[in-house]
Number of protein chains: 2
Amino acid sequence: MKESFVSLTLDSASTLRAGAFGNATHLSCRECGATRELGPHYACSECFGPLEVAYDFGQVTREQIEAGPRNIWRYKALLPVPDDIETSPNLEPGFTRLLDACNLAAELGLTKLWVKDDSTNPTNSFKDRVVACALSAARELGSRVFACPSTGNLANAVAAAGARAGIPTVVFIPSNLETPKQVNSAVFTESLVAVDGTYDDVNKLASEIAGEDPGWAFVNVNVRPFYAEGSKTLGYEIAEQLGWRLPDQIVIPVASGSQLTKVHKAFQELIALGLVEDKPYKVFGAQADGCSPVASAFKAGVDAIRPVKPDTIAKSLAIGNPADGIYVLDIARQTGGGVEQVSDDEIRAAIVLLARNEGIFTETAGGTTVAVLKKLVETGQLDPDAETVIINTGHGLKTLDAVSGSVGPRATIAPTYDAFTAAGIA
Amino acid sequence: MKESFVSLTLDSASTLRAGAFGNATHLSCRECGATRELGPHYACSECFGPLEVAYDFGQVTREQIEAGPRNIWRYKALLPVPDDIETSPNLEPGFTRLLDACNLAAELGLTKLWVKDDSTNPTNSFKDRVVACALSAARELGSRVFACPSTGNLANAVAAAGARAGIPTVVFIPSNLETPKQVNSAVFTESLVAVDGTYDDVNKLASEIAGEDPGWAFVNVNVRPFYAEGSKTLGYEIAEQLGWRLPDQIVIPVASGSQLTKVHKAFQELIALGLVEDKPYKVFGAQADGCSPVASAFKAGVDAIRPVKPDTIAKSLAIGNPADGIYVLDIARQTGGGVEQVSDDEIRAAIVLLARNEGIFTETAGGTTVAVLKKLVETGQLDPDAETVIINTGHGLKTLDAVSGSVGPRATIAPTYDAFTAAGIA
């Protein structure tokens, strides 16, 4: 089961097979534009800026995409993956539903609202998309171990993807993580490693291991440029599911900011390839009050992001020093969008609002997005008559505690018909 | 939002609109064959046998089905639902993935194994299918309230479906149900009602309310014949996803036994309609040692099911007196299949086995099915070279406790590279 994974020296490009990264041609520094060959590199050797995958797409048609499988691999020509990607066992994430949220729209006074529901991915979050791309890179680079530091969705996605692919995984978590969250990952991997320290300590250890041992592919460290490209598929799918059109407005949660920048990148690529009509659209970012460095910078009209110490129930958004924060600011400003923030109580209420209107149970990140949508409408930042999309990134079953104090039985009755009628229920 | 639901006297067939139940023509007693008009009836007025929906399908083609939406409504011509069913807001369940479980197959020594993965339904269990059909019946019958007694998957599905449809729901649970399970339903409905009593007490109260107030549609009581038909879609999808073929063998968990009988009914309908080739197939049922009345009767070679008091971690299978048990026995015997049972420890091990091979986290019912598959292979009851399908009915996030004692961190280390290397991980 594990024979496809042999230990190689990762930085030798000569060991790569032809077409290992599809139409991707090189890595490019987002800051200074310096280029580097495709490989397990994530920081520019000139300026230490973040590296991004660059492509030569050639021609890509709607027909070609529509003939593909109903998962992210239908967009393989636009991703850094080989043409035979479907033949390797993987979780086949993506092509999640785009729900016409007519009830929530009516509730908020919107004309047209869609929910892109990534809670229906294989491990119930958008992380399956990025991890699938990281997994492909790890395979092609000959990595021996597939790994990540994480406390939640990413850990689940890495452990499950590795299990299906037959690749050894190691998932690092802080040792004080609650048992249910440990179980979500431990069920998939025999190598869950608890680290006595904070999440920052765990992250630091991961970077150290990645630096010391070239056989380890840490999805969000040394194969991050490939990993991050997976988020583009959210943008491709939204456009295709709207009938090859872009929405007028989109609200996206902001943790590192990568997802928002990649959805924008996807829209721009679709325009450049002639797959959708060019048109203006506004991009909005959603943060929690307890971790709102990008929203704060947006409102202050400054370019620099001041790091914060997170304190919010939206743990999957709790990145105090977001790597792509400055790019989020750029995009929000360029497109006429914005970055807004909401309180933990607003997040809790929004989780229930979405559930009771659309039958979708979202996690705290999705609650943040719905709450920000509501606030954007109420403050007039979002046009209620323009077509709007919001992204639901994960499942409420993973953050049950967030709402366990907010919802519960309406009545407790004796098991008799008399007690039932006396309670006056419906 | 709720104007579509008006209170009507349900047993007046004259209030039904034309085509309210599609190609369904009447209800028919499974025991004595007596017929009754379509309506909120579930027991034969002659012999008290269970009523089942009967149809006049006319012609149904593969092309017609394939042109439909990618959810259970593609099979609307085969269900008791109106032709415009897609136009009413609903959760659009079904057309879940049929996964080529190549890793698990290799692990168990099987040539070809598929997992029909219903954990990816909107509320993460197969119950979304049956509830969607019950919801349609409730709409057409003019029900005022959509309700159920349940401790788990059914409660989630009813509460969420009602929320999306804009219909008031009432979900009855035993008051001692754990908080996380209460939250799963309470997030969707403002009317979760806790009953001081056992699940049997809750069930009894539900039947009493259904009997007293015709405005209440209890999915698994007075609209049960319509509800149960939803499970047929599992059978239709498996056949279509195999390329309009039936598998050689199928393993299905047995609670009431309804799902197994309906999958068999679906296969028979597909054969009768000429949509698949007629061929032999073996149907196997899966139960837990702590609630194995059907498996016990099968092994004893008797026709009567002796009720038991359930005691197993597979709570969603814990029905001690299964209504369709005798029909499960018939089908298992007629097809040359069987009914097998496994211990709680085998269930726990099987949950981990599936997760570590295929990246699917199943609940205890799915663990029971995988464990029974393993046992059937080991005892020679199942042909390892014949094409096999198993059904995964729900998501492990809902039964985390079942495995929290079985899996966990492999090591706990200090946050240093030295501690990491000393631990000898990968």
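The values are calculated or read from the model by the stated rules, or taken from the named source; none is laboratory data. What you see is a predicted model; the values in this text were computed from it and never measured. Glycine also receives a Cβ, built like all others from the backbone with ideal geometry; neighbour counts cover every protein chain displayed.
Yes/no matrix, rows are residues, columns are (1) under 20 Å from the mean Cα position of the chain (by Cα); (2) over 30 Å from B:ALA43 (Cα atoms); (3) at pLDDT 95 or above; (4) aliphatic (A, V, I, L, M):
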residue: B:ILE305; (1), (2), (3), (4): no, no, yes, yes
residue: B:VAL339; (1), (2), (3), (4): yes, no, yes, yes
residue: B:LEU354; (1), (2), (3), (4): yes, yes, yes, yes
residue: B:ALA365; (1), (2), (3), (4): yes, no, yes, yes
residue: B:ALA371; (1), (2), (3), (4): yes, yes, yes, yes
residue: B:LYS374; (1), (2), (3), (4): no, yes, yes, no
Here is a check on your reading of the model: is A:GLU237 under 19 Å from A:ARG74 (Cα atoms), modelled with pLDDT of 95 or more, touching a strand residue (DSSP E or B) at 6+ places or on another chain (Cβ under 8 Å) and of a type outside the set (Ser, Thr, Tyr)? yes
Scan the stretch B:241-263 for residues that are more than 14 Å from chain A (Cβ to nearest Cβ), more than 28 Å from B:PHE48 (Cβ to Cβ) and in contact (Cβ under 8 Å) with a residue 40 or more places away in the chain and jot them down. B:LEU242, B:TRP244, B:PRO247, B:ASP248, B:GLN249, B:ILE250, B:VAL251
Of those in the stretch B:200-209 that are surrounded by fewer than 20 Cβ atoms within 10 Å (Cβ to Cβ) and either under 29 Å from B:PRO89 (Cα atoms) or touching a residue at least 24 places away in the same chain (Cβ under 8 Å) (or both), the residue farthest from the other protein chains (Cβ to nearest Cβ) is B:SER207
Condition check: surrounded by 24 or more Cβ atoms within 10 Å (Cβ to Cβ), among the hydroxyl-bearing types (Ser, Thr, Tyr) and either over 12 Å from A:VAL170 (Cβ atoms) or modelled with pLDDT of 95 or more (or both). Does A:SER185 satisfy that? yes
Restrict the check to the stretch A:108-127 and report whether at least one residue is under 13 Å from the mean Cα position of the chain (by Cα) and basic (Lys, Arg). yes
If I go through the stretch A:83-103 residue by residue, how many of them are free of Cβ contacts under 8 Å to residues at least 12 places away in the same chain and crowded, with 16+ Cβ neighbours inside 10 Å? 1
Answer yes or no as to whether B:ARG139 is of a type outside the set (A, V, I, L, M), closer than 18 Å to B:SER88 by Cα and in contact with a Ser or Thr (Cβ under 7 Å, 6 or more places away or on another chain). yes
B:GLU229 being crowded, with 24+ Cβ neighbours inside 10 Å and either modelled with pLDDT under 95 or in contact with a Leu (Cβ under 7 Å, 6 or more places away or on another chain) (or both): yes
Checking A:THR399 against (1) under 21 Å from A:ASN156 (Cα atoms); (2) modelled with pLDDT of 95 or more: exactly one of these is not met. Which one? (2)
(1) in contact (Cβ under 8 Å) with a residue 12 or more places away in the chain; (2) more than 27 Å from the chain's Cα centre (by Cα); (3) surrounded by 16 or more Cβ atoms within 10 Å (Cβ to Cβ): which one isn't true of A:PRO415, the others all being true? (1)
I'd like the full set of residues that are among the hydrophobic types (A, V, I, L, M, F, W, C) and over 19 Å from B:PHE21 (Cα atoms), limited to the stretch B:35-50. B:CYS44, B:CYS47, B:PHE48
Conditions (1) more than 10 Å from chain B (Cβ to nearest Cβ); (2) under 23 Å from A:GLY39 (Cα atoms): number failed by A:LEU110: (2)
With criteria (1) over 22 Å from A:PHE298 (Cα atoms); (2) under 19 Å from the mean Cα position of the chain (by Cα), A:GLU358 comes up short on (2)
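Quick grid of which residues meet (1) crowded, with 24+ Cβ neighbours inside 10 Å; (2) more than 21 Å from A:GLU240 (Cβ to Cβ):
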| position | (1), (2) |
| --- | --- |
| A:VAL81 | yes, no |
| A:LEU108 | no, yes |
| A:THR111 | no, yes |
| A:THR120 | no, no |
| A:ASN124 | yes, yes |
| A:VAL130 | yes, no |
| A:CYS133 | yes, no |
Within the stretch A:301-308, does at least one residue satisfy the condition of being more than 14 Å from chain B (Cβ to nearest Cβ) and within 21 Å of A:LEU104 (Cβ to Cβ)? no
If we keep only residues of the stretch A:56-72 that are outside any loop (DSSP other than H, G, I, E, B) and either within 14 Å of chain B (Cβ to nearest Cβ) or touching a Pro at 6+ places or on another chain (Cβ under 8 Å) (or both), then the residue surrounded by the most Cβ atoms within 10 Å (Cβ to Cβ) is A:ILE72
Taking strands (runs of 3 or more DSSP E) that fall entirely within the stretch A:169-282, which contain at least 2 residues that are within 21 Å of A:ASN321 (Cα to Cα)? A:169-174, A:249-253
Every residue from the stretch A:77-105 that is out of contact with any strand residue (DSSP E or B) (no Cβ under 9 Å at 6 or more places or on another chain) and facing another protein chain (nearest Cβ under 10 Å): A:ASN90, A:LEU91, A:PHE95, A:ASN103
Sort out which residues of the stretch A:198-217 are modelled with pLDDT under 90 and among the acidic types (Asp, Glu), and write them in order of number. A:ASP200
Looking only at helices (runs of 4 or more DSSP H) that fall completely inside the stretch A:317-426, which ones have 2 or more residues that are within 14 Å of chain B (Cβ to nearest Cβ)? A:344-358, A:364-378, A:401-404, A:417-422
Take the residues of the stretch B:135-151 that are of a type in the set (Gly, Ala, Ser) and within 12 Å of chain A (Cβ to nearest Cβ): which is surrounded by the fewest Cβ atoms within 10 Å (Cβ to Cβ)? B:SER143
For the stretch A:225-263, the count of residues that are over 23 Å from A:ILE65 (Cα atoms) and under 10 Å from the mean Cα position of the chain (by Cα) equals 7
Consider A:ALA194 against the criteria (1) facing another protein chain (nearest Cβ under 8 Å); (2) in contact with a Phe, Trp or Tyr (Cβ under 7 Å, 6 or more places away or on another chain): it satisfies all of them except one. Which criterion is unmet? (2)
What do you reckon, is B:ALA304 in contact (Cβ under 8 Å) with a residue 12 or more places away in the chain and either closer than 30 Å to A:GLY162 by Cβ or touching a Pro at 6+ places or on another chain (Cβ under 8 Å) (or both)? no
